[in-house]
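J.: Right, I'll just put the structure down here and ask away after.
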Amino acid sequence: MNKFLSVAFSLLSFFSFSQSIQSPSEFLGYELGDRFTRHHRVVEYFKYVDEASANVQTQQYGETYEHRPLIYTIVASAENFKNLEQIRLDNLRRAGMAEGTPTTKVAIVWMSFNVHGNEANSMEAAMKILYELVNPANTKTKEWLKNTVVILDPCINPDGRDRYANFYNQYGNNPPNADPQAREHVEPWPRGRANHYLFDLNRDWAWITQTESQARIKLYHQWMPQVHVDYHEQGYNSPYYFAPAAEPYHDVISNWQREFQKSIGQNNAKYFDEQGWLYFTKERFDLYYPSYGDTYPTYSGAIGITYEKGGINAGLVVTTNEGEPLTLKHRLTHHFTTAMSTIEISSANATRLVDEFEKYFKENLNAPAAPYKSYIIRADNHPDKLKKLTTWLASHHIQFGHGVAKPLRGFDYQAQSVNAFSLSSDDIVINIYQPKGRLVTTLFEPSSRLTDSLTYDITAWNVIYSYDLKAYAVNEKISVIKPYQKKQPAEAVIAPKPYAYLFAYKSLQDVELLAALMKRGIKVRKATSTFKLNNQTLEPGTLIVTRYGNEAKPDFDNAVLTLAQQLNRTVFTANTGLVSSGADFGSSDVAIIKPPKIAVLGGDQTSSLSHGEVWHFFEQQVHYPISIIGTDQFKNIDLWQYTVLVVPDGNYKLFDEGTLSMVERWVTDGGKLITIANANSAFVDKKGFGLKEFANEDARKKIEKEEREANEKNALLKYQDAERRNLSNSIFGAIYKLPIDNTHPLAFGLGSQYFSLRTNTLRFRYLEKGWNVATMRGKQKPLIGFAGMQANKALENSLVFGVEDKGKGKVVYLVDNPLFRAFWENGKMVFANAVFMVGN
């Protein structure tokens, strides 16, 4: 009896407690929408609800670069919460990603908020959504949770979100100022959109270059939801966007995924119509580029959705172009409404969502529709590339391994033609008969159908070209018969106290070793041409660490060997400086690499994304120190304190005549200037610099004639096609195959061709007094991706990468951005060479 009463009182106590769960406004002490809540308070509220409700689980899944927690919360009915692990495993079983037969049928809806920090309303909305999901008085959400589990990630990008919130809370007027020109509506550089390293996390789902993305992808694959919603904001003069998405859709998207996009949109429209709220669908936001928060889940079996509410830089209130006040309360209410609507329609279709999800993966496993069924990665690719690639594949749960050796025919990525080849038992096989088969297709296919060239992002991203791999695509299924086994390098015999230690220079990991040696004060030399030693051929760029010059370091041998071991580098030794062919180690052709003192420009004239790519490259990839110099202070610094100046992509006004003269003198005295993408425009046709625009009269007349013809054609366009007027002059991220001079230090470690991801239409002449290391020669079409006809013609015979010799220094012109989003792997070697190899 006493035991029964004890249980009864415990249940009564819990029931009473759950009845009194505080709303966000009660917990925070202010109404949602009255101010921007800082991230730590949102985390506290989610943890509070976890403690106050028996059917909520909040956990930390990662940490940002600025050490803010990344959390997620699961909300379920009492019955489903008891069976949560069974529901999770059954979902993976349906996807073919876990063993066993499913016994439950519950849909999973995942909602992600604030991937862009200054699209700031969604984290506020997340608190309201959570509250209504656990609110005992909300009978609707109780009903929905009977067959649906909801996962909430309240803030994907806490660093960016707090950057924006801190700005607004510090500079916003009291009461809030609705004037769009007021300071509170004009964010300072670098703004809050991106994460700590200024990466757009909504472009990083596939590439997982950032710590937030890496943690999230690991968690995502533990659940694999049927529906994933990615919450955004757009310019505050736009109303609300929801599904269905705009074309282009990738061909791998299933009919059901298209159909349910429409169902979700119709349900949202019902609620927006009731309130008289404006919205639009089927415009602007497509389903093509695979690294978004809607497309990546879509290519992984979910209904991937983007919601966009007008509100960027709207603060707490702003007056729109229509003269209407737009408040934070309005914005979060609209996001709250689509969230409730999405959970409702998902719950109403939970059984079909689960069944279609299972069907999607059965089709992947048994009858994938894509023409290329298997991809073969040659075993003789550089081992560092294979290690990085296979680690990346495993992160995405893409299956790979080895097949049976046999003759095959397939598309040769290096030659861009169908050729016969022999499959080796050591080659890596990736076929699309697997759970992630459709994702594999989007990432590896040699070409893809573009149903509409007017897209929201880049149209090419092929992984094979990114790594510059020897690989084939074949039309037949090649079965994986054994797990992948990394090929072990032959153990090198390391002579005690040799004349010199030698290291290959072929990958970014070799650059990392070079950086580590220089930070330890160890002198490193480089071979500038091929040489032979002990019957071994060593290529230009080979790192040579002689005992000479390092005698004063008492731990020299131990330091070199320890760093090589830590970075998994193969050590070669030489007992003599006399080579059998090529330059001896004392030759002037074997030059010391002087440790660079690097300044990187950043500020309101700099592309924050490009600046972040450079910053991340040095701090997180090669681990080498830099000084970030603001554009507002550049004219006042002592530039001669640095040996390298990196100018990221941007629109620069600071390079006036006097500043250009200063930079020219610094280069002439031995400095090295590296300009990326549009930064080159600040130096083109300027006194003292060799970069020139096209001035050839015949070429100019030809281009002008073609532009006139295009303009005449555009003049006859219908008004409704106005958006397409400039498509012919546009490039939306297309991949080109370029010849590259790999005898030049800018191309050390590369082959004789370079696959470049072109994301701009900049065109410059070949350098007359310099080295044209990579160029667009003659008429070239992209291998994959959209490039307008006029843009393509304009790029004929133009510079891509070049080096100008100037006095004791160098200017490195990088017209294409080799660090784009940190996923173009081969481009990283070009940039590393610009920093460490050119001019040393």
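The values are calculated or read from the model by the stated rules, or taken from the named source; none is laboratory data. On a predicted model such as this, the values are computed, not experimentally measured, just so you know. Note that we place each Cβ from the backbone using ideal geometry, even for glycine, and neighbour counts take in every protein chain shown. When the accessible area is computed, the model is the full protein with side chains, heavy atoms only, and any ligands, DNA or RNA have been set aside. Shrake-Rupley method; radii C 1.70, N 1.55, O 1.52, S 1.80 Å.
J.: Please work out which option in (1) -0.89, -1.26; (2) -0.99, -1.39; (3) -1.17, -1.38 gives log10 I(q)/I(0) by the Debye sum over Cα atoms at q = 0.09, 0.11 Å⁻¹ calculated from these coordinates, and answer with its label.
T.: (2)
J.: Something else now. Using only helices, what value at 222 nm comes out for the chain when you add -39,500 (n - 2.57) per DSSP H run of length 4 or more and divide by the total residues, to the nearest 500 deg cm²/dmol? Could you put the intermediate results ahead of the total?
T.: Details: 23 runs with 267 residues, N = 840.
Helix contribution divided over all residues of the chain: -10000 deg cm²/dmol.
J.: Here is a further query. If R₀ is 45 angstrom, what is the calculated FRET efficiency for the pair ILE637 and THR139, using the beta carbon separation as r and rounding to 0.05? Don't skip to the answer; put the middle values down first.
T.: Details: r = 65 Å, r/R0 = 1.44.
E between ILE637 and THR139, to the nearest 0.05, is 0.10.
J.: Spin-label point model (7 Å from Cα, Cβ direction): what's the LYS692 to GLU619 distance in nm?
T.: 4.1
J.: Related question: Students often check this: by mean Cβ neighbours within 10 Å, which of 321-331, 111-121, 128-138 ranks highest, and how do the rest follow?
T.: Details: 321-331: 15.6, 111-121: 27.3, 128-138: 19.2.
Packing order, densest peptide first, comes out as 111-121, 128-138, 321-331.
J.: Could you pull out which residues in the range 315-346 have an amide N less than 19 Å from a spot 7 Å beyond the Cα of GLN22, following the Cα-Cβ vector?
T.: Hits in the range 315-346 for GLN22 at 19 Å: none.
J.: Explain nothing, just compute: Karplus ³J(HN,Hα) = 6.51 cos²θ - 1.76 cosθ + 1.60, θ = phi - 60°, for every residue of the range 801-807 in order, whole Hz, x for Gly and Pro.
T.: After applying 6.51 cos²θ - 1.76 cosθ + 1.60, I find 10, x, 10, 9, 7, 9, x Hz.
J.: Say R0 is 25 Å: what FRET efficiency, to the nearest 0.05, do ASP273 and ASP452 get from their beta-carbon distance?
T.: Working: r = 28 Å, r/R0 = 1.11.
The calculated FRET efficiency here is 0.35.
J.: Here's another thing I want to ask about it. What list of ³J(HN,Hα) couplings, whole Hz, do you get for the range 503-516 from phi and the Karplus terms 6.51, -1.76, 1.60, once you set θ to phi - 60° and write x for glycine and proline?
T.: My calculation for the range 503-516 gives 9, 5, 10, 9, 8, 5, 5, 5, 5, 4, 5, 4, 4, 5 Hz in order.
J.: Another question, then. Quick check for you: with a 1.4 Å probe and neighbouring chains kept, what is the accessible area per residue of the chain, in Å²? If you can, show how the numbers build up before the last one.
T.: Working: 34020 Å² over 840 residues.
Counting only protein heavy atoms, the per-residue value for the chain is 41 Å².
J.: Can you give the relative contact order of the range 742-840 as a percent, counting alpha carbon pairs under 8 Å and 6+ residues apart? Each step should come with its number before you reach the end.
T.: Working: 143 pairs, mean separation 33.2, N = 99.
Computed value for the range 742-840: 33 percent relative contact order.
J.: What dipole magnitude, in Debye to the nearest 20, does the chain give about its Cα centre under +1 on Lys/Arg Cβ and -1 on Asp/Glu Cβ?
T.: On the way: 92 positive and 90 negative charges, 404 e Å.
Rounded to the nearest 20 debye, it is 1940 debye.
J.: Here's another thing I want to ask about it. Less than 16 Å from a label point 7 Å out along the Cα-to-Cβ axis of GLU476: which backbone N atoms in the range 383-407 qualify, by residue?
T.: Counting only backbone N, you get 403-407.
J.: Shifting gears a bit: Once both labels are modelled 7 Å past Cα along the beta-carbon direction, what's the LEU219-ALA369 spacing in nm?
T.: Here the answer is 3.3 nm between the modelled labels.
J.: Counting Lys and Arg as +1 and Asp and Glu as -1, what is the net charge of the other residues whose Cβ lies under 10 Å from the Cβ of GLU664? Mind dumping the intermediate values first?
T.: Details: positive: ARG665, LYS686, LYS687, LYS806; negative: ASP669.
Neighbour charge sum, excluding GLU664 itself: +3.
J.: With a 10 Å radius around each residue's Cβ, average the other Cβ atoms per peptide and rank 34-43, 292-301, highest first. Let's see the in-between values first.
T.: On the way: 34-43: 18.5, 292-301: 26.0.
Descending mean neighbour count gives 292-301, 34-43.
J.: Follow-up. What order do you get for 389-399, 185-195 when each peptide is scored by the mean count of other beta carbon atoms within 10 Å, highest first? Before the final figure, lay out each step's value.
T.: On the way: 389-399: 17.5, 185-195: 20.6.
With the highest mean Cβ count within 10 Å placed first, the list reads 185-195, 389-399.
J.: Something else now. Label-point separation (nm) for SER661 and TYR548, each offset 7 Å from Cα along Cα-to-Cβ?
T.: 4.4
J.: Full extension from THR530 to GLU322: what is 0.36 nm times the residue separation minus their Cα-Cα distance, to one decimal in nm? Walk me through the numbers on the way to the answer.
T.: On the way: separation 208, 0.36 × 208 = 74.88 nm, distance 6.75 nm.
My answer for the length gained is 68.1 nm.
J.: So how many Å³ per residue does the convex hull of the Cα atoms of the range 190-330 work out to?
T.: Working: hull volume 17.6 nm³, N = 141.
About 125 Å³ per residue, rounded to a whole number.
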